[in-house]
Structures are given as structure tokens and as C-alpha cells.
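All remarks here apply to the structure that follows.
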Amino acid sequence: ALLKLNRNAEEALEEETGLNAAQAASTEALGSSTVFVGNMSFKTDEDTVWETFKDCGEKGYDSIKAVRFGFDENGEFKRYAHVDFDTPASAANALKLNGVRVLNKELTVQIAAGPKDQGPGSSFVRPSEPVKNPDYVDRCIVKNLSYDITEEVLFHAFEQQGVNCKHCSFVNDRETGQFYGTGFVTFETADDAAWAVACSNAGMEILARHVRVEYCPHRNDRKKAAMAAAGKVPESTSGAVPAHGKRSDVARPPSARPEGGTITAFFGNLGFEIEDANLVNFCKDIGEVKNIRWLEDKTTGEFKGAGFADFADPETVDKIVQTKNGKKLLGRVVRVDYAPNTKTKHKTKAGAN
């Protein structure tokens, strides 16, 4: 059992190590020599990591045993790494760098817990089987998230349980940008989603909060693809009309250009199978997409067949609206228009960089 520190001892500990009592207790209890480092710049290389953490151990550079970057199946850097130190004490010192700016990014530094270890006092044990997923849903709503959550931390937490994530979006107030503590996660497979729900039911914690994971209804015709991927034969959906409106072969003319222009374009009449990469490729001949926000029902998480994309400048948006409105994307005639020129209406907690 951990010794209970009195207030004076806690203050002395924090003054000496830069860690509060809870952080130090967590490090000691886990006995981990590995830290998770998230929110890294895409420009980060191994030398940058070694230089950042070289003073965490008594042996300097030799205190760092390995740097392991996270990559997806296509070899793309996922903006996080695991850093192995020689001792738990060196790893504990690394926690003091949480929030430090490296290559213009504030790093997230946490002790990397094992798959079944959620920290002192947690009763979580990874479940032995997933929750039933008869509709082969691969997308879930995740509730009760910490206000300090980032995509990297969220993905890492699930990956520690053997659950692979593909995409996430956080829910914010349209007017104020305030985070609601809720997000939507698309998992690699329906099985991953089933395990995520099972972990939630078993008491899984992320940033010391018990997260609640629930299945989202399919984006209508995405159910057919999900069942096909699972080797099932879905009922015929021929002739079905998408829930977000009647399919149109002609896009209506764009609205007038906002005064002063805007860096955000609206995309409507999108297919429910749309992914970030589809929209990025659709626009790449005009300009780089900086950020994407899909419109979803706040209660059900159902995709509304529309979204917003940010670009580098208003001139790029002018070209996007002029050249892409009425073009086809994934077999649908897309409506492209100017987004309202407000600074706060469509804020997100974690955008693309």
C-alpha cells in the first residue's frame, strides 16, 4: 500500500520533483519505465525526442533506451511515440515535460500503463469477450471525456486494450466552441467497436475518467458495406433514398461571397461513406485542406451528409466554390458553398494541422 503523505510532505515532493503526490504515486504504483508522448509535430524525428528527454535520467542520453513512433497501416506517422527509460524514476521525471512546446506543439506526456492497468484504485480488468454487435457497427459515441483529451491520447488508450481506431471527432458548441466532453470514434473494424464497448462496460478510464462507449446507428447505406466486410449478406437497399434528402443531379448556385471572404467552405449532398481522404483528394488540385468537420446529430451521432473544410486563405475557398460546386464525389453531385464568416461558429477541439 502507498503511504499517505501529509500536506508538508506533498509540498516538499512537488518542489523537489515537479510532480504532485498523485502523479508520483501513479508512477510508483505502475512501476513503468515507459512514457506515452502525444500531440507531436509531423516534423518530429528521433533526434528531437532524445534531445527533449535527455535530462530526465542520471545517465543523460543513456537513460533513454528506445523511442518507438506510432504509424498506421500505410506508414503515416500518428503523431505519438513511446519512450523507454532505464528506470521508473527517469520516466517520472519525463512527466514534468507534459505541456512543453516542441516544434510549436504542446506535448502530452503520460506514464504508459499496461493493457490491464488503469492506475491506482482502478478496478478495471480487460473483458474476456466483446459485446454483441449484430449490426456490425464500426462507429461509437464516447461520453464523459476529460477536457484535456486529444485524439492521440484517446487512440492510445484504446490501442492499449488492443482496440484500433481510424478516425475521431469531438463535439463542441457551435457558438462558443466549448467542448461537451463527447466524441465520435470510427474504429478499424466492427470487432474493434465491440471490444471498445466491452471495455467501457468493464470500467475503462481515460485521463482518470470512466468513459462511456455506445454504438452509433449506421450512416444508412454504410451498413451494407459493414455487413459485407463481415461476410454477411444485408437486405437489399436498392431504390432507398438517403436520410439526409433526395439525391440531386444538379447543385444549386452558391451564395454570395461573405464580406472579407472566408477560409471555410461548406460541402453538402455527401455520401454516407465519405471519409476525410475522399474530401482531401477532391480538393487537392485547388488547395490543401487544413481541417474537416462533419455535421452529425448531437444525440445519435448520425451523419447529416454535410461538412465544413478549412483552407489556407479566402482566395482558395473562392476557387473551390467556383470549380467544385456541382462536381461529383463518390458518385454524388456535391454542393459547395461559402460557410458563414464567423470566427467561433464552427470551432473544434482537435483540428487537423
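Any read-out appearing in this document is the output of simple, stated calculations on the displayed coordinates, not a laboratory observation. Please read these numbers as outputs of a predicted model, since none were measured by experiment. Cβ coordinates were reconstructed from backbone atoms using ideal geometry, including for glycine residues, and neighbour counts include every protein chain displayed.
Lys and Arg at +1, Asp and Glu at -1: add these up for the other residues within a Cβ distance under 12 Å of A81 and post the number. Intermediate results must be reported in sequence, preceding the final value.
On the way: positive: R68, K78, R79; negative: D45, E46, D84, E152.
Around A81, the surrounding residues sum to -1.
Do any of K166/K290; K96/K298; K54/K78; K298/K319; K105/K304; K284/K304 go past 27 Å between their Cα atoms, and which? Spell out each step's value before the answer.
On the way: K166/K290 18 Å; K96/K298 36 Å; K54/K78 23 Å; K298/K319 31 Å; K105/K304 32 Å; K284/K304 24 Å.
Check vs 27 Å cut-off fails for K96/K298; K298/K319; K105/K304.
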(request) Set the Förster radius R0 to 22 Å, insert the Cβ-Cβ distance between R252 and N278 as r into 1/(1 + (r/R0)^6), and round the FRET efficiency to 0.05. (result) 0.50
(request) Name the long-range amide H neighbours of E188: under 5 Å, sequence gap of 5 or more, or other chain; modelled H, no Pro or chain starts. (result) N164, C165, K166
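What's the extension gain from K65 to L330 if we count 0.36 nm per residue and subtract their Cα-Cα distance?
Gain on stretching K65 to L330: 90.7 nm.
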